[in-house]
Amino acid sequence: MANASSPIREEIRSIAPYNAGLTLEEVRAKYHIDDIAKLGSNENPLGPSPMVRTLFPDIGELARLYPDPQGRALCARLAANFDVEANQVILGNGSEDLIAVICRSVVRPADTMATLYPSFPLHEDYVTLMGGKVERVTVTADLTIDMNALLAAIARKPRMLMFSNPMNPVGSWLTPSELAKAIAALDPETLIVVDEAYAEYAAGDDYPSAADMLKDSGCNWVVLRTFSKAYGLAGLRIGYGIVSDGGLCDFFNRARTPFNTNAIAQVSAISALDDAGHLKRSIEAASLERQRMAASLAAMGYRMAPSKCNFLFVDTGKNSTQLAVALLERGVIVKPWKQTGFETFIRVSVGSIRENDHFLRALKDAGAQGSSPALFRR
Ligand SMILES: *Cc1c(COP(=O)(O)O)cnc(C)c1O
């Protein structure tokens, strides 16, 4: 069993947890008092402007008071979903916040972080920020994950192995048996972080829940999830991490800002969890439209990686930054990929039927202006 403090920088170990004081609920429960003068946190007794209140029916008290710094109600719900203790859940101002928190806590100068490539840029950026080095495990020519290269990178015992599954931007994913092989090869000193931003879309027989597989691994691990994608709450900035151990999670809590998730986001996330029907409809619509888009793109001569997500990674055979401008001129925003070796790719999200049709029309039009798509010329 790995030691929970071993991945943590000395600087983090030495700082004390933030003392946020008690919430009204805690005082009520602990002291059986209803009438409380909350004068410890410099909050405005009048609350927010009436204009702010109209945004959200209950925004008055939510906006006036500091949020629960742990987001305990939401953490309890998430802990039950994952069958872990509530102290193994950490909330982030988006999961990107947690990527930063983890890197801040773990990466020392010259440490190595291994990741799948092309990568989610933030996974690399925060490592670099901390003075660490990034080791990229590039996908194969057919855009699937190179398991031999991944296992070789793991064997070099990186400080951290962090990647998204399914991969953003590619959409490819590690199957249950592939993830099991990667986990079995991990050194106890390597922290594994699996960013499952698209897990709700990918869920099914061929896709592993990393938390389930990591629970008995003896490793230090984090699984990141977000409400920004399938739950549709990107504007509210709320994501979370499931952590192997409450002690390790406590270290990460020290490395974040104390009130990193806001009260409206916490409440909205719980409502989102309550509406399973909406989530299911969102996933089904994305799946149908993704298949339709992929078929249309294939018919146009484009090739793309397999995807279970709400996006496709498409080789356009030409400079994608220039193509993206041509698409913008036709009213379509896509993400041209700029990482070395993948400059001919765009990542296009699965939108509404109308938006997707618009994209396909614009691509036909813009694509006709240059050479035809030439595929995987890397
Ligand atoms: C979108 C995305 C995130 C960021 O999500 P937020 O919760 O909005 O910060 C993290 N990781 C990956 C791989 C993503 O695609």
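The values are calculated or read from the model by the stated rules, or taken from the named source; none is laboratory data. No experiment lies behind these values; they were computed from the predicted model shown. Every residue, glycine as well, gets a Cβ built from its backbone with ideal geometry; the counts of neighbours run over all protein chains shown. All accessible areas refer to the heavy atoms of the entire protein, side chains included, with ligands and DNA or RNA removed. Shrake-Rupley method; radii C 1.70, N 1.55, O 1.52, S 1.80 Å.
Structural remarks
- The solvent-accessible area of Arg53, taken with every protein chain present and a 1.4 Å probe, is close to 100 Å².
- Net charge of the neighbourhood of Ala185, taken over other residues with C-beta under 12 Å away and scored Lys/Arg +1, Asp/Glu -1, is +1.
- Nearest-ten-degree value, helix 95-106 long axis tilted from longest Cα axis of the chain: 80
- Of all lysines in the structure, those lying under 20 Å Cα to Cα from Lys38, and not within fewer than 8 positions of it along the same chain, are Lys30.
- Within the chain: Cβ-based charge dipole about Cα centre, in debye rounded to nearest 20 (Lys, Arg +1; Asp, Glu -1): 1020
- Percent RCO, i.e. relative contact order, over region 21-65, from Cα pairs under 8 Å lying at least 6 residues apart: 32
- Using only the C-alpha atoms, the convex hull of the chain corresponds to 159 Å³ per residue.
- Largest accessible area first, the listed residues Met213, Met147 line up as Met213, Met147 when surface is computed with a 1.4 Å probe on the assembled protein chains.
- Area accessible to solvent at Ile183, 1.4 Å probe radius, in Å²: 20
- Most mobile listed residue (Ala155, Ala265, Ala197) in the chain, GNM with C-alpha springs under 10 Å: Ala155
- Charge dipole of region 21-65 (Cα centre as origin; +1 on each Lys and Arg Cβ, -1 on each Asp and Glu Cβ, all else neutral): 100 debye, rounded to the nearest 20.
- Residue of Arg290, Arg13, Arg256 that the Gaussian network model of the chain assigns the largest fluctuation, springs spanning Cα pairs under 10 Å: Arg13
- Converting phi to 3J(HN,Hα) with the Karplus coefficients 6.51, -1.76 and 1.60 and the offset θ = phi - 60°, region 276-292 yields 5, x, 5, 4, 4, 4, 4, 5, 5, 5, 5, 5, 4, 5, 4, 5, 5 Hz in sequence order, with x at every glycine or proline.
- Neighbourhood charge, 11 Å Cβ-Cβ cut-off, centred on Ala305 and excluding it, Lys, Arg +1 and Asp, Glu -1: +1
- Translational diffusion of region 21-65, estimated by Stokes-Einstein from the Kirkwood radius over alpha carbon pairs at 10 °C in a medium of 1.306 mPa s, is 135 µm² per second.
- The heavy atoms of His278 present about 90 square angstrom of accessible area, all protein chains included, probe 1.4 Å.
- Distance histogram in 5 Å bins (all Cα pairs of region 277-368, percent per bin): 3, 14, 26, 26, 18, 8, 4, 1, 0
- Percent RCO, i.e. relative contact order, over the chain, from Cα pairs under 8 Å lying at least 6 residues apart: 17
- Dimensionless Rg ratio for region 1-142, taking C-alpha atoms and the 2.2 N^0.38 Å reference: 1.42
- GNM on the chain, alpha-carbon springs under 10 angstrom: the most fluctuating residue among Pro17, Pro208, Pro69 is Pro17.
- Net +/- balance of residues flanking Ala269 in space, Cβ distance below 12 Å, scoring K and R +1, D and E -1: +1
- Taking all protein chains together and a 1.4 Å probe, the residues Thr128, Thr54 rank Thr54, Thr128 from largest to smallest accessible area.
- Protein-only accessible surface order, largest first, of Ser209, Ser271 at 1.4 Å: Ser271, Ser209
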